[in-house]
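Structure, as structure tokens:
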Amino acid sequence: MPDQSKQFISTFILILFSLFSFSQEKTGIADTSEVNRLNNLFKSSRSQNPVEAFMFASSALQLAEELNYKKGQATALNNLGVYHKQKGDYDASLQYYKRALTLYEEINHKDGSAKALSNIGNIYSINEDFENALDYYLKAQKIFEELNDTSRLTRILNNLGNVYLDNGQELEAVKYYKEVLDIFENSPNKKDLFDPYSNIGKIFFNRAEYDSALNYFKKSLEYEVKADNKFGIAGSLVRISRLQNAKRNYPAALKAGINAMNLAESVDSKPILMDAYSTLAEIYLHLDDLRNSYLYMNQYHTIKESLFNEKTRKAIAELEKSVELEQKEKEIALLKKEAEISELEYQNSQLYTLGSILLSILLLSLAIVIFLKFKESKKAKSLLEYQNKEILKSKKTLEIQKLKLESWNRNITDSIEYSKSIQEGIMNHNNFENNIPQSFIFYKPKDIVSGDFYWYARKGHIDILVLVDCTGHGVAGAFMTVIANSILNQIVNEQDTTDPATILRLMDSKVMETLKQKEVTTKNHSMDMAICKIDNDNHTLTYAGAKRPLYMVSKGELEEIKGDKYTIGEYYDTPHKEFRNNEIKLHPQLRFYLSSDGFADQFGYSIEKKYMTHRFKNLLKTISGRTMKQQGDSLALEMQRWQGEMEQTDDMLVIGFSLN
């Protein structure tokens, strides 16, 4: 029997040694081949079926780690980084790429190291850390040039172009994009090369050369369709949708945007989905479909919030874990202390039995005193530990709440910033300053978004300019500007109404109808307006106003034409409101000014009084002889001097123009 035991132990040790040697030699060919097969399956399925691709990469990593197959581990880690990047989890993606780079460098695998360097650069570029992105891209470029790897070199050159473009260096970016295009067009095998068209299309798009941009975006789409790359197809469709929106071809923009959204949803690509939702929100806004615009804007922010909250949840989980760990450590320390005390008590009891009777009585008395003191000390210690625990818990809870509050605050701010971009788009997309070059706009919102805005349209030989001062400021005022913009589009662009008094009357009716304001209350939402109709054939300007005046300056003399006493959208206990037209014959010396009440109502820092209308009119007379651009600069400087460090009272909007 002993001989059998020895034989069994020897056999067992031999098997362990064989297994160890087997793993040290990177396992047998069959096992490493399985790792390579799984990694290749990831590459072939990641565009069409990302979830299945993730399972392949995870299995490849697990098997490669069991076999100590470092090349297979590095490839699987790199693939997992690609998967998480497509999903928008950039922190996880960066960690996988860096682990892959460490393993590739450890086994001196240059091709793998260059791929990992390039991928790390991509993550830094997405996070707008362009200095680090450029550093990693240049390291990757050097290796790909050494390896003569044309396919991956084109990707690096393209990425370098993206970095320069994001830094505002368009000419440098174009140089890299054209180099990529030259390599692509001269290559006999284009299948494995990077799409060179999309970024050149973006350059033309930024320059507003939309036909050229569309040509390149369509070439990009054809390339991605041939490659059956669903991510690439979705991205190309988003770009085409944005371009068609910019060209005001809204049906085509809507079709491309919805196709992009559906495709991005099918592959669970949150970054592309976020772009698709944002684009659809803008398209529906231009179509005056506020309901769908709000719906897609909300979905855009939901995805953006989820991408941010994934990081926040991780941070909160780590904090909660640390709270739990600290509590457990305290409990273990307390148990150890109690065990030590129990041991001391046991030793003391042995001494009691060995002493004499007299000594026992004395020691017993002393022990009672010590025990009472110890009990009191232990109670005080327990109370102190409990208080410390509660303080630590409160501190961690406060930190968690702080993170949550920061997350909520950031999401709210992002939503308001997005609203600001929509509001600025409403004011800028009709080219007022291009069509009337002798003009200026002084625009200074109190908050991120504003209750003041201007609206402009050209209808043949007629220009319509509207200044609107909505009730309130901030988000509430901005909501009113969206309503005003939508109604003005209906009245002027769809119904072809250009008479200022008629526009005011229709605006009043439609605002009350939209907001259901049919009686006098203290909560009526309303707006003051000034409308100018410029007839370029008859050389006349027709003005009508709802509380906001028109100022005219000629040869240093100022004339004020006051608006009617009614406010748009506010209910009056009268049969109807009457608005009057005022017609002015144009001549070159005339300067016209429209303004909200914000400039005149601003309190000064030094005297704590309002600027007032009379001072504002004197200022217009003083600056009227300067160029329009100089007049706008003068208003800004005067308000900076007057306001100083005083908080802004209201939104400010002043428009000045002259006509030849």
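The values are calculated or read from the model by the stated rules, or taken from the named source; none is laboratory data. These numbers were taken from a predicted model, which means no experiment stands behind them. Positions of Cβ are generated from backbone atoms using ideal geometry, with glycine treated the same way; all protein chains shown enter the neighbour counts. For the accessible areas, the whole protein counts, side chains as well, though only heavy atoms, and no ligand, DNA or RNA atoms are used. Shrake-Rupley method; radii C 1.70, N 1.55, O 1.52, S 1.80 Å.
Length available on full extension from ASP447 to GLU170: 0.36 nm per residue minus the Cα-Cα distance, which gives 96.5 nm. With 21 Å as the limit on Cα-Cα distance, the pairs of LYS85/LYS270; LYS142/LYS178; LYS226/LYS304; LYS562/LYS585; LYS555/LYS585 that go past it are LYS226/LYS304. Measuring r between the beta carbons of ARG580 and GLN648 and using R0 = 22 Å, the FRET efficiency lands at 0.10. From the cross-link list LYS98/LYS230; LYS202/LYS533; LYS43/LYS110, which pairs have alpha carbons spaced over 31 Å apart? Going by Cα-Cα distance, LYS202/LYS533 fall outside the 31 Å limit. Each residue, ILE391 and LEU364, gets one label point 7 Å from its Cα in the Cβ direction; the gap between the two is 4.3 nm. When each of the peptides 499-506, 89-96, 613-620 is scored by the mean number of other C-beta atoms lying within 10 Å of its residues, the order from highest to lowest reads 499-506, 89-96, 613-620. Each peptide in 253-260, 604-611, 276-283 receives the mean, over its residues, of other Cβ atoms within 10 Å, and ordering these scores from highest gives 276-283, 253-260, 604-611. Other residues lying with their Cβ under 12 Å from the Cβ of LYS98 contribute a combined charge of -1, Lys and Arg counting +1, Asp and Glu -1.
Computed over protein heavy atoms with a 1.4 angstrom probe, the accessible surface ordering of SER212, SER596, largest first, is SER212, SER596.
Among the GluC sites (Glu not before Pro) in the stretch 140-231, those located in a DSSP loop and surrounded by at most 16 other Cβ atoms within 10 Å of their own Cβ are GLU209. What is the stretch 532-660 by shape, rounded, prolate or oblate, if you read a ≥ b ≥ c off the alpha carbon gyration tensor as root eigenvalues and call it rounded for a/c under 1.5, prolate for a/b larger than b/c, and oblate otherwise? Because a/c hits 1.5 or more and a/b fails to exceed b/c, the stretch 532-660 counts as oblate. Once the C-beta distance of ARG458 and THR514 is scaled by a Förster radius of 22 Å, the resulting FRET efficiency is 0.25 to the nearest 0.05. Accessible surface for MET297 stands near 30 Å², nearest 10, in the context of the full protein assembly shown (1.4 Å probe).
Here the stretch 594-638 and the stretch 143-207 have alpha carbon centers that stand 51 Å from each other. Sorted largest first by accessible area at a 1.4 angstrom probe radius, with every protein chain in place, the residues ARG248, ARG239, ARG207 fall in the order ARG248, ARG207, ARG239.
Accessible area per residue was computed with a 1.4 Å probe on protein heavy atoms; LYS218 scores about 110 Å².
Computed over the stretch 593-637, relative contact order equals 22 percent, with contacts defined as Cα pairs under 8 Å that lie 6+ residues apart.
Take the Cα of GLU52, step 7 Å toward its Cβ, do the same at ARG291, and the gap between the two points is 3.9 nm. The label-point distance for GLU146 and LYS610, in a model that sets each label 7 Å from Cα toward Cβ, rounds to 7.4 nm. Applying both filters, DSSP loop and at most 14 other Cβ atoms within 10 Å, to the GluC sites (Glu not before Pro) of the stretch 620-660 gives GLU645, GLU647.
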